[in-house]
Amino acid sequence: SIFVASCVGSVVQKLALFPIDTLKTRAQHDRSAHRSRLTSARPPRRSDDGSAKGGAARAPALERVTDLYRGLTPALLGVVPVSLVYMPVYELASAAATAFLPAAYQPIGRVLAGSLAGLACSVVHTPITNLKNRLQLAQYADVRAAARAIASAEGLAGFYRGWTSEATLEILSATIQFCALDRLRSVARALSPAGEALPPWRNS
């Protein structure tokens, strides 16, 4: 039930915030394209498959509200695999740390468990992010076209472009999230009557 609730929550979050993510992605890309034009002697041009040559090209203007949801498909398809990796990896790593580390080092074990969960999540999330970003920038018509273009031009490495920064972000995010979660669990246990197990809504 926790897994289903996590997936549903992720879907609702993406549906609600995806337009903001699209605007952010486009703004970052356009700033990069502007800097590229200032430093490049040749103006950018687009190839037949929509990729930029001779410098970065600005993203096409948004014409419809639905354009804000370009790239939503890979984001939604990634909800289940990311959820299958995120919490299970943390719980397994946290259980191992509890079993093998002395009590004094348990906080360090939780930090390491969170870092491992973030790292594992980045392996799944980075290809999804690359597909999503290229669709948000209207570089390709659909997910299949984007995946084929990336695979033919760059191979597997193309799907993991930017993995280092993605992994760093995921590790920091997961570490902070799980440390806060464990602290809140400790507070909830302290406030609960002695011997009473925490209900699922307070233990997740």
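With a simple spin-label model that places each label point 7 Å from the Cα along the Cα-to-Cβ direction, the separation between Ala95 and Asp142 comes to 4.1 nm.
Below 12 angstrom from the Cβ of Leu119, what's the summed charge of the other residues (Lys, Arg +1; Asp, Glu -1)? With Lys, Arg at +1 and Asp, Glu at -1, the neighbours total -2. Placing a label point 7 Å from the Cα of Ser186 along the Cα-to-Cβ direction, the residues of segment 75-113 whose backbone N falls under 17 Å from that point are 94-95, 97-99, 101-113.
Every number here is computed from the coordinates shown, using simple stated rules; none is lab data. Here the structure is a predicted model, which is why all the values come from computation and not from measurement. Every residue, glycine among them, receives a Cβ derived from its backbone with ideal geometry; neighbour counts consider all protein chains shown.
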